[in-house]
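Structure first, commentary second.
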Amino acid sequence: MARAMQTSTQTPTAQPPPATRLLGRLLQDRSALSLLLANLATIVVALIEGWSVGPLMWIYWAQSVIIGAFNVARILSLDEFVTTGMTINDRSVKPTRAVQRQTAIFFAIHYGFFHLIYLLFIGSLAGPPPSDALTIGVCIVLFLANHSYSFRRNRDEDRRKKPNIGTIMFSPYARIVPMHLTIIFASAFIQHPAALVFFVLLKTAADLVMHAVKHRPEKTSNLPG
């Protein structure tokens, strides 16, 4: 009886804080580490080249386009999916190949138009792309490599379950909006390189957090890699 009472009064093992668990998952995630590397390399290049926020806005715009392109490929690569809560012309739809193609086309047009307007905005705010296009291109290729790896991982996960195609269609916006709001805010207030690094680190943190949300072991929200 005494032993039973002693067992029942034992304190449950304390769970690490959510931030600690998040950091642990990121450190074990090759895709997250490559994303971190691409962001850190961009920061280093920006400091070496003495960039303002303008070149960074072009790089992150290109990253957003890459995210969208891989999301179209992800939608089209789905073998099985669900359409729970999804409607077309106010009507519920079934998970057919026709719906899959319509979803990919709608997303490509909507997302593409969003980035066309955003491109004009960057052109008016940051000016034309800088002359050191090769250096900017290298940074963009780093993000391309990261999101290519993440796409393959997402595709493998999608084949083990039935993701919601509607959630996949809209989820890139949850990924890119915080990222670009940070940079736009930075462009309005940054006057010192240290401040530039601070805001780019905030962008990197938003990038990694949304990546971790996508790949957490619980039910996911199908955010893009």
* To do: Select from region 117-132 the residues that are without any contact (Cβ under 8 Å) to a residue 60 or more places away in the chain and part of a loop (DSSP other than H, G, I, E, B) and write down the one among them that is farthest from residue 50 (Cα to Cα).
  => 128
* Asked: Take the residues of region 132-170 that are among the β-branched types (Val, Ile, Thr) and within 19 Å of residue 83 (Cβ to Cβ): which is modelled with the lowest pLDDT?
  -> 167
* To do: Six or more apart or on different chains, Cβ under 7 Å: which pairs go from a residue in region 157-176 that's polar (S, T, N, Q) to one that's in a helix (DSSP H, G or I) and modelled with pLDDT under 90? Could you list them?
  => none
* To do: Among what's in region 116-144 and is among the small types (Gly, Ala, Ser) and loosely packed, with under 15 Cβ neighbours inside 10 Å, pick the residue that is nearest to residue 43 (Cα to Cα).
  => 137
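The values are calculated or read from the model by the stated rules, or taken from the named source; none is laboratory data. Worth saying up front: this structure is predicted, and the values here are computed from it rather than measured. All Cβ positions, glycine included, derive from the backbone under ideal geometry; neighbour counts span all protein chains shown.
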